[in-house]
Amino acid sequence: MAKPINVLYVTSESLPYVRVQSLADISYSYVMAMREQGVDIRLFMPRYGITSERRHQIHYINRLTNLEIPMGKSSVISSIKSSSMNSPRTKVQAYITTNDEYFSKRKGVYRDFKTLELYPDNPERYLFFCRSVVETLGILEWVPDIVHYNDGETSLVAAFLKILFPDKFQKTKFVLNIHNVEEQVIANKSLFEKTGLKKEHKEYFYHKDKFNFLKAGILFADSIVFSNKLYMEEVILNDALSNGLNEYIKQKDYHFIPLGMDPWTSNPKKDKTIAFKLEDDFEEFKYNNKANLFVKFDMDFDPSLPLFGVILDVNEYEAIEYFIENMPHILKGEKAIFFVMARIESRYKNTLKILSQKYKKSLRVLFTTDMLLHHQLFAGSDFYLSLDNHDPTNLNIHYSIRYGCIPVADDFYLDKNIVKPYDQKTKKGHSFIFQRKDKNTFFEAIEKAIKIFEDKDTFNKLVENTQQHKFDWEPYAKEYKNLYTKLLKGK
């Protein structure tokens, strides 16, 4: 029997420990899917202040306690703890970097919990995390076949391992996932001093007179994977979108492999975060979850009007401003209800509060930092209005489809094989897509959705069409396993 491939998967966030961005969903579902493919995969991430060690049974490892992690000419103490990520079919071991100053004492992940401003020392925090991964591998004397890392926050892992231990990790292959090329992690060049590396290595980290994590991640990767083909093609061609890093990506072995969904945590029949699970009757499932959503948003239940769920997130400034500017045109008609889940900075809160007071029959806003509520939004809403032009994984739109919530979405690198536009003639498809730059298409998409809701037979057909998508990880996990195998064979 062939020896299983050993993989270390490094991420800045993952369920069940924390969720801020779609990366948390991807990290959890990916390692579980790969484990089911027979890959010996382990996950490594930081422990943030909002992560409960008791709930997740995060415990000490004797030989990884009170480690001195080099940070330039000094060192910082860290303990690497362990936990088990479980699903009904499998489990994966997680290593978790703990440090009070950088992580554990802070309730926020990338941003201050109250102000939602980015932590100014994020580059130093994630440099420390990456170095803690390297030191842990040294103490464990573990040389994985594959080190798989994500976006800028974890990109220094490959550089540290290849530069500091070129002989030891000579056979290890390094895979970088670029989910969002904006996540580069950029700092002043002075940060290089904390790497402890020699001056001749500076060229790997400097880009446009700044220290750039993602540049190093690209240069030291053996293969780069994107989860959105349209986005990958645009990144390769567009200097501005990639901040000039596309010239390095083009020199690499890069691929497109789609994302799947976890069959347990992202399944309306099994999801523990929603109020009512799907059994046999979809209309009953939607009705009950919708009623629960009205309670959560403190509004009298009215199933006669279409309900649009909306997510406005802190780094989606254009989406927030677009919503504030254009929604009054829709809200004043009182033909639909919009429930907005908002994790936004204080400068936008008052404006949204005023808007919801003015259009109280059409709009409710729930200000929350708990992004685990998003499944409840999809389970209870008839439509999902997506204005996001920040996250090219489009995972929230895919979730809405999974939960029978029809997307009304900005065409931001949408895969039309998944987000299928509704064709009135053939009755195929299930989504309404608009071009944000043309406001008329935005208004028309919402009007079409409202009109479809009034035609129950057609509306139910659209919902039925969404259920054709299963978002199964298995075929894509096999593609990743094939990629690992080819890299290890030198192909």
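Couple of notes before you dig in:
- Residue match in region 364-383 (condition: in contact (Cβ under 8 Å) with a residue 12 or more places away in the chain, assigned to a loop (DSSP other than H, G, I, E, B), among the β-branched types (Val, Ile, Thr) and not assigned by TED's automatic domain parsing to the domain that holds TYR17): yes
- Taking (1) within 20 Å of SER22 (Cα to Cα); (2) in contact (Cβ under 8 Å) with a residue 24 or more places away in the chain; (3) of a type outside the set (S, T, N, Q) in turn, LYS270 satisfies each apart from (2).
- Filter pass, ASP112 being under 27 Å from LYS81 (Cα atoms) and at pLDDT below 95: yes
- Scanning region 154-174 for residues that are under 28 Å from the mean Cα position of the chain (by Cα) and farther than 19 Å from SER22 by Cα returns LEU156, VAL157, ALA158, ALA159, PHE160, LEU161, LYS162, THR172, LYS173, PHE174.
- Residue satisfying condition, being in the same structural domain as MET32 (by TED's automatic domain parsing) and aromatic (Phe, Trp, Tyr), within set TYR399, TYR484: TYR484
- Contact annotation: residue pairs with Cβ atoms under 6 Å, 6 or more positions apart or on different chains, pairing a residue in region 61-76 that is assigned by TED's automatic domain parsing to the domain that holds TYR95 with a partner that is of a type outside the set (Val, Ile, Thr) and in a loop (DSSP other than H, G, I, E, B), are PRO70/GLY196; GLY72/GLY196.
- Any hit, region 277-300, residues being modelled with pLDDT of 95 or more, in a loop (DSSP other than H, G, I, E, B) and loosely packed, with under 15 Cβ neighbours inside 10 Å: yes
- Screening region 17-28 for residues that are among the β-branched types (Val, Ile, Thr) and part of a loop (DSSP other than H, G, I, E, B) and picking the one that is modelled with the lowest pLDDT gives VAL20.
- Enumeration of residues in region 55-97 that are of a type in the set (S, T, N, Q) and over 29 Å from LYS198 (Cα atoms): GLN57, ASN62, SER82, SER83, SER84, ASN86, SER87, THR90, GLN93
- Per-region count, region 316-337, residues assigned to a loop (DSSP other than H, G, I, E, B) and among the hydrophobic types (A, V, I, L, M, F, W, C): 1
- When residues of region 5-16 are limited to those that are assigned to a loop (DSSP other than H, G, I, E, B) and under 22 Å from LEU176 (Cβ atoms), the one farthest from the chain's Cα centre (by Cα): ILE5
Conditions tested, residue by residue: (1) assigned by TED's automatic domain parsing to the domain that holds ILE178; (2) charged (D, E, K, R); (3) free of Cβ contacts under 8 Å to residues at least 40 places away in the same chain; (4) touching a strand residue (DSSP E or B) at 6+ places or on another chain (Cβ under 9 Å).
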position	(1), (2), (3), (4)
LYS198	yes, yes, yes, no
LYS229	yes, yes, no, yes
ALA240	yes, no, yes, no
ASN243	yes, no, no, yes
HIS255	yes, no, no, yes
PRO258	yes, no, no, no
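- If the condition is being more than 18 Å from the chain's Cα centre (by Cα) and part of a loop (DSSP other than H, G, I, E, B), then region 29-47 contributes GLN37, GLY38, VAL39.
- Looking across region 366-376, just one residue is more than 17 Å from the chain's Cα centre (by Cα) and surrounded by 20 or more Cβ atoms within 10 Å (Cβ to Cβ), and that is GLN376.
The values are calculated or read from the model by the stated rules, or taken from the named source; none is laboratory data. From a predicted model like this one, the values you see are computed outputs, not experimental measurements. Glycine gets a Cβ as well: all are built from the backbone with ideal geometry, and neighbour counts include every protein chain shown.
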